[in-house]
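Quick note: the coordinates plus some simple rules give every number you see, no bench work behind them. Here the structure is a predicted model, which means the values were calculated and not measured. Ideal geometry is used to build each Cβ from the backbone, glycine not excepted, and the neighbour counts take in all protein chains shown.
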Amino acid sequence: MSSKNKQESPTFQARLQALKYLPLFFKEIWQTQPWMTAGNIGLRLIRSVIPFLTLYLGKLIIDEVVRLINTHSTDTRHLLVLIGLELALALGSDLLNRATMLLDGLLGDLHANRSSIQIMQHAATLDLAQFEEPVFYDKLERARQQTVGRTALLSQSLAQVQDIITIGFLGAGLALFSPWLILILVLSIIPAFLGEFYFNSQSYALSYQWTPQRRELDYLRYIGASNVNAKEVKLFNLSGFLTERFREVSAAYYLQNRQLSIRRAGWGALLTAIGTAGYYGAYAFIGLETIRGTITIGSLTFLAGSFRQLKSSLEGILNRFTSISQGTLYLRDFFQFFELEPRVASPKTPLPFPTVIQKGFVFENVSFKYPAAEKWVFQRLNFTLKAGEKLAIVGENGAGKTTLVKLLTRLYDPTEGRILLDGHDLREYDLGELQRHIGVIFQDYIRLMMTAQSNIAVGDIEQINNLDRIATASERSLAASLIQRFPEGFQQVLGRHFRGGVELSGGEWQKIALARAYMRDSELLILDEPTASLDARAEYEVFQRFAELTKGKMAMLISHRFSTVRMADRIIVIENGQLIESGSHEQLMANKGRYAELFQLQARGYL
């Protein structure tokens, strides 16, 4: 593993600082379900008194038994009352325990669902550039891990308060007999606490530094056993390659974790033995005092039980502190994810989006390179997309055609220069409004394993229940005939991911995707390689329909097929980040430049 992935073990100070996230966590829990949270706290407060009452009733019962034996009395009414009270206490304790566990589980599930929704909502506000950074994905992965398992932190934190109250009752009784027992108790458990603290720190550091590798393991599991990749895995015999890589990475993690686990087990056994010796030393002292007649047998059981319970509670508190502090370190990762802010955002006082675009879009000395990249995609690019114009963009792979779309829709902002809409920088408009007025279908469009209705409504998800609009969009994209063949019509689940789903060909999926573009009444419609999977006849029909439906509107068409771009009013050619040609098909062919060369090369393929 490279050194840059290593993470130092969190210090005691770092753990204490991470505890500041606990109030935020409990605020989240409270907002998830207030009455459940209040009920949980109330039940635990009641439970905190039960250990003391149980031990004290046990003392009274034993002392009563001894008294009856010594006095040869047969009046057992008081004894039976005491036993009845202890029985009621035991039954009540069990009910309280089950009710607490129930609320813990329900709260945990509700909070996990709420956290997942929060992560999805916040992720949607972040920049596309952030999603392309490995460091961001590590943060996202650690945040996702915190959507489950928070029940444990909730239970541990509340149990901590519960045990502290219990210790207050038990400690008071023990201190009245002999304050030295409290000192012995504390000294006997400190070594085990320090050991747990150290090894929990090491465990967190290991988990943190292996975040990228765990993401790789998840990815390998997915592509090795996914219907999406099954064809290539089988045809190219990739199973051995994938499983060997999984075995290599997982084995490396196992070896490091095994080493840590062995050390933890060994030191844990030794340090726990010290605590056990302290407990039995105190037990012997109490027993000797009973023999001397200083205390009663009932008091012996009460003190011994109190000492045992105190030792267990103190160990629980100290060990739980390491778990809670470790949990808050993970919790810190969760909340720090929500501290990430997008760099591409709306201005505080945005301009109203034009009701009708008058001039169009202007690229003014636009230069762009992706974050952390050295190569420029564009440098000083200048061109105009006029109102009502249909513009086609051609160029070889890697020329930056799709990047132009990302800049137009403000998925990215130019590194240098600016893009104007009706004379104003795009950054002066509301980001959401801008994107709502542009309909885009990318070549790597999303294929949702959901109903046909949902897949089409993606184009304007607020209209998901508007079946008339969805039907119209499917007619325009030529998907209607396809949907008519489905047994469930628009309610047919697409893809084989779920039971009852129907798999589509590439061309059929493309028609569904095109329907999304027609869901929006957009000022600008952008199609990025929209017919790559269509046959020649379907492609011709799609573009005939496209030409009719975009009359009077702006349209941008990106395609490798030169036969399809001829319908555009103007064609621009991008090469090496520069605009090298611009004009109609006829003009560019007459110029005998790069466009004419590429057109003729492609045409020869059909001869």
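For T243 and L194, calculate 0.36 nm times their separation in residues minus their Cα-Cα distance, and state this gained length in nm to one decimal. Let's see the in-between values first.
Working: separation 49, 0.36 × 49 = 17.64 nm, distance 4.00 nm.
Additional length available on full extension: 13.6 nm.
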Options (i) 1.15; (ii) 0.98; (iii) 1.03 for Rg/Rh (Cα atoms, Kirkwood Rh); the value derived from the coordinates is listed as (i)
Which net charge results for the neighbourhood of F199, defined as the other residues with beta-carbon distances under 9 angstrom from its beta-carbon, given Lys and Arg at +1 and Asp and Glu at -1?
+1
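Filter K139/K348; K348/K375; K139/K511; K401/K551 down to the pairs with a C-alpha to C-alpha distance above 31 Å, please. Intermediate results must be reported in sequence, preceding the final value.
Details: K139/K348 28 Å; K348/K375 33 Å; K139/K511 36 Å; K401/K551 23 Å.
Check vs 31 Å cut-off fails for K348/K375; K139/K511.
Sort H111, H437 by Cβ crowding within 10 Å, fewest neighbours at the top. If you can, show how the numbers build up before the last one.
Values: H111 24, H437 18.
In increasing order of surrounding Cβ atoms, one gets H437, H111.
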Positive dipole terminus of the chain, leading residue within G171, T349, M101 (C-beta point charges):
G171
Calculate the spin-label point distance for N70 paired with Q463, positioning each point 7 Å from the Cα along the beta-carbon direction, and give it in nanometres.
9.2
Cα-centre dipole for segment 14-339 with unit charges at Cβ (Lys and Arg positive, Asp and Glu negative), debye to 20:
240
16 Å reach of a label modelled at R343, 7 Å along Cα-to-Cβ, counting backbone N of segment 363-407:
367-378, 407
Would you mind ranking Y219, Y56 so that the residue whose beta carbon has the fewest other beta carbons within 10 Å leads the list?
Y219, Y56
Along the charge dipole of the chain, Cβ charges K/R +1 and D/E -1, which of G58, T384, A123 sits furthest on the positive end?
G58
Distance in nm between L19 and R98 label points, each 7 Å along Cα→Cβ, equals 3.6
The answer for the chain, counting only DSSP H helices whose Cα atoms cover 18 angstrom or more along the axis and whose Kyte-Doolittle average is 0.5 or greater, is 50-71, 77-125, 150-177, 179-209
For W267, W35, what's the fewest-to-most ordering of other Cβ within 10 Å of each Cβ?
W35, W267
I'd like the distance separating the alpha-carbon centroids of segment 394-430 and segment 438-475, in whole Å.
25
So if I place +1 on the C-beta of Lys and Arg and -1 on the C-beta of Asp and Glu, and nothing else carries charge, what would the dipole magnitude of segment 445-521 be about its Cα centre? I want it in debye, nearest 20.
220
If unit charges are put on Cβ atoms (+1 for Lys and Arg, -1 for Asp and Glu) and the dipole of the chain is taken about its Cα centre, the option from F334, L404, L318 lying farthest towards the positive end turns out to be L318
About the Cα centre, and with charges only on the beta carbon of Lys, Arg (+1) and Asp, Glu (-1), how big is the dipole of the chain? Nearest 20 debye, please.
800
Size of segment 334-438 as Cα extents on the principal axes (Å, biggest first):
47, 36, 20
For segment 92-146 and segment 280-352, what is the centre-to-centre distance using only Cα atoms, to the nearest Å?
23
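Counting only helical runs of four or more DSSP H residues, what would the 222 nm mean residue ellipticity of the chain come to if each run contributes -39,500 (n - 2.57) and the total is spread over all its residues? Show your work: numbers first, answer last.
On the way: 23 runs with 380 residues, N = 607.
That calculation yields -21000 deg cm²/dmol at 222 nm.
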